[in-house]
């Protein structure tokens with residue numbers, strides 16, 4: 001129990017996710033370059049409505065899957081810290097393992113974008 005508690009507290013440190021947040025920031029910048037806008041405004045819009053705002057490189061499920069494979073340890077840590085795994089897949093309207101992984105990765109991206117929003 002003690003190790004689990006320590007893990008969650010350590011995962012709350014945004015500097016621990018610099019590699020992945022830098023990648024997400026780069027993807028957001030590519031999205032802005034392609035479609036216009038301003039970084040802080042994009043981040044705010046994404047945080048408010050992540051289902052409707054798409055980030056270049058994370059639009060297709062296959063891209064989300066590749067992102068998961070590259071950053072799976074950081075993704076799992078941040079999902080643990082927000083208690084994502086305590087929500088039943090049925091509550092998220094997810095009925096397959098692949099869809100659960102995609103949904104979890106998308107949730108982690110939301111958390112990483114929030115970290116970027118806090119940096120400004």
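The values are calculated or read from the model by the stated rules, or taken from the named source; none is laboratory data. From a predicted model like this one, the values you see are computed outputs, not experimental measurements. Cβ atoms come from the backbone with ideal geometry, glycine included; neighbour counts cover every protein chain shown.
Residue pairs whose Cβ atoms lie under 7 Å apart, sitting 6 or more positions apart in sequence or on different chains, and linking a residue in the range 30-57 that is on the phi > 0 side of the Ramachandran plot and assigned to a loop (DSSP other than H, G, I, E, B) to a partner that is at pLDDT 95 or above and surrounded by 14 or more Cβ atoms within 10 Å (Cβ to Cβ), are 57/27; 57/63.
Considering each of 112, 100, 84 in turn, give the residue that is within 16 Å of residue 19 (Cα to Cα) and modelled with pLDDT of 95 or more.
Working: 100 fails: within 16 Å of residue 19 (Cα to Cα); 84 fails: within 16 Å of residue 19 (Cα to Cα).
None of the others qualify; the one that does is 112.
Taking residue 51, is it at pLDDT below 95 and under 13 Å from the mean Cα position of the chain (by Cα)? Steps first, answer last, please.
Details: at pLDDT below 95: yes; under 13 Å from the mean Cα position of the chain (by Cα): yes.
So residue 51 fits the description; yes.
Based on this model, can you work out whether residue 40 counts as within 13 Å of residue 116 (Cβ to Cβ) and either modelled with pLDDT of 95 or more or over 14 Å from the mean Cα position of the chain (by Cα) (or both)? Yes; evaluated as a whole, the condition is true for this residue. The lone criterion from (1) touching a helix residue (DSSP H, G or I) at 6+ places or on another chain (Cβ under 8 Å); (2) surrounded by 15 or more Cβ atoms within 10 Å (Cβ to Cβ) left unmet by residue 27 is number (1). Among the residues of the range 62-120, the ones that are touching a residue at least 12 places away in the same chain (Cβ under 8 Å), surrounded by 16 or more Cβ atoms within 10 Å (Cβ to Cβ) and outside any helix (DSSP H, G or I) come to 1 in all. Consider the range 1-29 and keep the residues that are closer than 22 Å to residue 74 by Cβ and in a loop (DSSP other than H, G, I, E, B). The one that is modelled with the highest pLDDT is 13.
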